[in-house]
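Below is one structure, written out as structure tokens; the observations come after it.
The values are calculated or read from the model by the stated rules, or taken from the named source; none is laboratory data. Everything numeric in this text was worked out from a predicted model, so none of it was measured. Ideal geometry is used to build each Cβ from the backbone, glycine not excepted, and the neighbour counts take in all protein chains shown. Side chains included, ligands, DNA and RNA excluded: accessible areas come from the protein's heavy atoms. Shrake-Rupley method; radii C 1.70, N 1.55, O 1.52, S 1.80 Å.
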Amino acid sequence: QVQFVESGGGLVQAGGSLRLSCAASGSTVGFAAMGWFRQAPGKQRELVALITVVGRTNYADSVKGRFTISRGTAKNTVDLQMLSLKPEDTAVYFCNAISGAYAYWGQGTQVTVSS
């Protein structure tokens, strides 16, 4: 069973920064990619950033230049550094990990950016 430990959400003023961290465990074949999605109230869940096992990254246009995803020092961990946060970044952020043909989700962490 895949399990996640997410941390780093919180409340910050516009222009501030936060760092999200996620550690995944429980896959017998490892994770081909890990990343972060977010869901704001009344909106669909959307990709924020993703990083593959070989280090390729993909970002939503809305966060390019402000957010950076990276693999943590420990195995199966991923960090998301968020700079210049905007009120529209407010959402629940979910860690995501892809293993084989399946996608797994963390429980989510709230990020609130006040104006």
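Of the set (1) loosely packed, with under 13 Cβ neighbours inside 10 Å; (2) farther than 15 Å from Phe4 by Cβ; (3) at pLDDT below 95, all apply to Lys64 but (3).
Take the conditions assigned to a strand (DSSP E or B), touching a Cys at 6+ places or on another chain (Cβ under 9 Å) and under 17 Å from Gly106 (Cβ atoms) and apply them to Leu20. Does it pass? Considered against the rule, which asks whether it is assigned to a strand (DSSP E or B), touching a Cys at 6+ places or on another chain (Cβ under 9 Å) and under 17 Å from Gly106 (Cβ atoms), Leu20 comes out as yes.
Residues in the range 23-42 that are not in a strand (DSSP E or B) and not small (Gly, Ala, Ser) were compared, and the one that is nearest to Ser70 (Cα to Cα) is Phe31. Of all residue pairs spaced 6 or more apart or on separate chains, those with beta-carbon atoms under 8 Å, a first member in the range 38-65 that is over 14 Å from Val111 (Cβ atoms) and a second member that is of a type outside the set (Gly, Ala, Ser) and in a loop (DSSP other than H, G, I, E, B) are Val53/Phe31.
Is there a residue in the range 43-52 that is under 11 Å from the mean Cα position of the chain (by Cα) and part of a loop (DSSP other than H, G, I, E, B)? Lay out the reasoning, then the answer.
The first filter runs over the range 43-52 and keeps only residues under 11 Å from the mean Cα position of the chain (by Cα), leaving 46-51.
With part of a loop (DSSP other than H, G, I, E, B) added as a condition, the list becomes none.
Checking the range 43-52: not a single residue is under 11 Å from the mean Cα position of the chain (by Cα) and part of a loop (DSSP other than H, G, I, E, B).
Scanning the range 81-108 for residues that are open to solvent by less than 20 Å² (accessible area, probe 1.4 Å), under 19 Å from Gln3 (Cβ atoms) and outside any loop (DSSP other than H, G, I, E, B) turns up Tyr93, Cys95, Asn96, Ala97, Ser99. For the range 69-80, what are the residues that are surrounded by fewer than 17 Cβ atoms within 10 Å (Cβ to Cβ) and either among the polar types (S, T, N, Q) or in contact (Cβ under 8 Å) with a residue 60 or more places away in the chain (or both)? Listed by number, the residues that qualify are Ser70, Thr73.
Here the condition is being in contact with a helix residue (DSSP H, G or I) (Cβ under 9 Å, 6 or more places away or on another chain) and not aromatic (Phe, Trp, Tyr); of Val63, Val92, Val53, it holds for Val63 alone. Among residues that are within 16 Å of the chain's Cα centre (by Cα), open to solvent by 30 Å² or more (accessible area, probe 1.4 Å) and in contact (Cβ under 8 Å) with a residue 60 or more places away in the chain, Ser21 is not included.
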